[in-house]
Amino acid sequence: MVTNLFLASGVFWILTYILLIKRGFEDQTYGMPLVALCANISWEFIFSFLHPHQPPQLQVNIVWFFLDVIILFEFLKFGQSELRYLPKKLFYPIFLLTLVVSFFCVLFITYEFHDWSGAYTAFGQNLMMSILFIDMLVRRNALRGQSIFIALFKMMGTLLASFGFYLSLPIQGRSLLFVFLYTAIFVFDLIYVFMIATQMKDLRKEQLDGRGSFVVKVLLQGANRNCL
C-alpha cells in the first residue's frame with residue numbers, strides 16, 4: 001500500500017511537471033518559481049545520482065529531474081521577460097547563485113540529519129514551494145504558466161507522499177515537525193487551488209461581459225442603420 005502511495009504521488013508530480021512545461025511554452029513563461037525550481041532540481045539530482053534511492057523511487061526521481069531540466073530551460077528562455085525589475089546583467093548570476101545555494105542546502109541538510117530518504121528537505125521545500133506558487137500568482141495577477149489542474153495535481157502529489165511517509169516511518173514520519181509540514185503544505189495548497197479557481201471565474205466573467213457588450217454594440221449599430 002505504501003509503495004502504491006509513493007508511486008501515485010510520483011505520477012501526480014510527473015503530470016504536474018508535464019502541465020507546467022506545456023503551459024509554459026503556450027504562455028511563453030515559466031511555471032515554477034526560481035527558488036522552488038532550484039531546490040527541486042537539486043533534490044532530484046542528489047537522490048538520483050549522488051545518493052540514489054531504491055527502485056522504483058529512483059526511476060521516479062530521474063524522470064522528475066529531466067522534466068525539471070525542461071522547466072529550467074523555460075525559466076532561462078522566458079525568465080527575463082517576467083523579472084523585468086531585475087537588471088539583465090544580474091539575471092544569470094542570480095540564477096547560478098540560487099542554484100548553488102539550493103544544492104548545498106539540500107546536500108548539507110541530508111548529511112547533518114543523515115536523512116538518506118530526503119524527507120526533511122523534500123517536505124521543507126514543498127512548504128516553501130506552496131507559498132512561492134501563491135506569491136507568484138499574486139505578483140503576476142494572471143494565470144500565465146498556471147492552471148487548475150497544475151494546482152490540483154501538485155496538491156494531490158504531496159498529499160499522497162504525506163500519507164506514505166506517515167505510514168512508512170512510524171517515528172520520523174509521525175513527529176510533530178512532519179505532521180506540521182504535512183498540514184501546512186496542504187493548507188497552502190488548498191489556498192492556491194482556491195485562488196486559481198477564483199481567477200478562472202473572474203476571467204470567465206470578464207469574457208462573458210465583453211461578449212455581452214459586443215452583442216449590445218452590434219445590435220445598437222443595426223438599430224441605428226434601420227433608423228437611417
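The values are calculated or read from the model by the stated rules, or taken from the named source; none is laboratory data. Every value quoted in this text rests on a predicted model; they were computed, and no experiment measured them. Here the Cβ positions follow ideal geometry from the backbone for every residue, glycine too, while neighbour counts run over all protein chains shown. When the accessible area is computed, the model is the full protein with side chains, heavy atoms only, and any ligands, DNA or RNA have been set aside. Shrake-Rupley method; radii C 1.70, N 1.55, O 1.52, S 1.80 Å.
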For this session: Mind computing the radius of gyration and Dmax over the alpha-carbon atoms of the chain? Å is fine for both.
Result: 21.4, 85
Seminar exercise, completed: With +1 on the Cβ of every Lys and Arg and -1 on the Cβ of every Asp and Glu, the dipole magnitude of the chain about its Cα centre, in debye rounded to the nearest 20, is 920 debye
Problem set entry | Average projection area in nm² (convex hull over Cα atoms of the range 1-86, one quarter of hull surface) | 5.8 nm²
Exercise. Tell me, what HN-Hα J-couplings in whole Hz come from the Karplus equation 6.51 cos²θ - 1.76 cosθ + 1.60 at θ = phi - 60° for each residue of the range 153-170, using x for Gly and Pro?
Worked result: 5, 4, 5, 5, x, 6, 4, 5, 5, 4, 4, x, 5, 4, 7, 8, 10, x
Problem set entry | Accessible area of the range 11-64 belonging to carbon and sulfur atoms, whole % at 1.4 Å probe | 70 percent
Exercise. Which ³J(HN,Hα) values in Hz, rounded to whole numbers, follow from the phi angles of the range 108-125 under the Karplus curve 6.51 cos²θ - 1.76 cosθ + 1.60, where θ = phi - 60° and Gly and Pro get x?
Worked result: 6, 5, 4, 5, 4, 9, 6, 9, 6, 7, x, 5, 4, 6, 4, 6, x, 6
Seminar exercise, completed: Helix-only [θ] at 222 nm, the chain, -39500 (n - 2.57) per DSSP H run of 4+, per residue, nearest 500, equals -29000 deg cm²/dmol
Exercise. Taking only the alpha-carbon atoms of the range 66-158, what semi-axes of the equivalent ellipsoid follow from 5 times the gyration tensor eigenvalues under a square root, in whole Å, largest first?
Worked result: 25, 20, 12
Problem set entry | the range 194-200 - phi-based ³J(HN,Hα) in whole Hz, Karplus 6.51/-1.76/1.60, Gly and Pro as x | 4, 5, 4, 4, 5, 5, 5
Exercise. Which peptide among 157-166, 36-45, 10-19 comes first, and what is the full order, when sorted by highest mean count of other Cβ atoms within 10 Å?
Worked result: 36-45, 157-166, 10-19
Exercise. Counting pairs of alpha carbon atoms under 8 Å apart in space and at least six apart in sequence, what relative contact order in percent does the range 1-122 give?
Worked result: 32 percent
Problem set entry | Solvent-accessible heavy-atom area per residue, rounded to whole Å², over the chain at 1.4 Å | 55 Å²
